[in-house]
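Heads up: the structure comes next, in structure tokens.
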Amino acid sequence: MDAVFFGLVILQVLTSVLSYPSGAPTSACVDMMPRHGGVQPKPNPAPYTIHPSSTTFQTGKPITVVIKGPDYSGVLLEARSGSDSKAIGTWQTPPTNTKFLACSGNQQGAITHANTNIKNNSTVYTWIPPATAKNVIFKATVAQQRTVFWVDVMSSTLTSSKGGTSLDVYSSAERIATPRIVTLLLFVFLSFCSIHGCFIMIQY
Ligand SMILES: *[C@@H]1O[C@H](CO)[C@@H](O)[C@H](O)[C@H]1NC(C)=O
Ligand SMILES: *[C@@H]1O[C@H](CO)[C@@H](O)[C@H](O)[C@H]1NC(C)=O
């Protein structure tokens, strides 16, 4: 009995010491909180900032993302829409020492570290926006080491440069504009006719 208890304690200690040297688990997708044996995150502001390559996005057009600050070893990076906790879009080939994490039913829904090797300002992540999203924010958990990490590291908000709303406005404007153009052409044609006579024109 004592041996079993001792074994469990050892296992617990080992698990928490090693934590997640090979990346965050799927269970961290929503709260993005490391379970590092009760170690609390460092208070924000973090020494890290997230730099997307653009302030706007378009469905299917890649956006690159860099986490700037001191060298880091652990990361969990997701794109979100507003305050929704669902990871959106699709990450592309993970940079060295990182890998995909399946989140929100998407095999490429998030990026996490693959090992504890250094990641830095030169580590570039590439993300493909989904078809439906009006605004996007990148959210990360960044760890310098097991006991030193920050959660809720956020980029500024990216807005859709061809969102559903503006598309709707465009097509309704088009619906109004089309009859106007037809009327205008008819008017021009009739004016031409009243001056030159269209039956003569047709005869030629
Ligand atoms: C990484 O970026 C941070 C913040 O921009 C900067 O302070 C730091 O000097 C950079 N490190 C390197 C090695 O370029
Ligand atoms: C980032 O780390 C890589 C690999 O350790 C190194 O080659 C590169 O020079 C570093 N870049 C910066 C900006 O620190």
Test for residue 47: is it in the same structural domain as residue 112 (by TED's automatic domain parsing) and within 15 Å of ligand 2 (Cβ to nearest atom): yes
For residues that are away from ligand 1 (no atom under 13 Å from the Cβ), more than 13 Å from the chain's Cα centre (by Cα) and outside any strand (DSSP E or B), scanning just region 101-118, find the one that is farthest from residue 27 (Cα to Cα). 117
Go over the candidates 116, 112 one by one and state the one that is within 18 Å of residue 34 (Cα to Cα), buried (at least 22 other Cβ atoms within 10 Å of the Cβ) and not hydrophobic (A, V, I, L, M, F, W, C). 112
Filter result (surrounded by 17 or more Cβ atoms within 10 Å (Cβ to Cβ) and of a type outside the set (Ser, Thr, Tyr)) within region 73-94: 74, 75, 76, 77, 78, 79, 80, 87, 88, 89, 91, 94
What tally of residues in region 56-72 results from selecting those that are within 15 Å of ligand 1 (Cβ to nearest atom), over 19 Å from residue 108 (Cβ atoms) and crowded, with 16+ Cβ neighbours inside 10 Å? 2
Across region 119-147, what is the total count of residues that are of a type outside the set (D, E, K, R) and either buried (at least 17 other Cβ atoms within 10 Å of the Cβ) or within 16 Å of ligand 1 (Cβ to nearest atom) (or both)? 17
Test residue 23 against the stated conditions and say whether it is without any contact (Cβ under 8 Å) to a residue 60 or more places away in the chain and more than 16 Å from ligand 1 (Cβ to nearest atom). no
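The values are calculated or read from the model by the stated rules, or taken from the named source; none is laboratory data. Not measured: the values here are computed from a predicted model. Here Cβ is always computed from backbone atoms with ideal geometry, including for glycine, and neighbour counts include all displayed protein chains.
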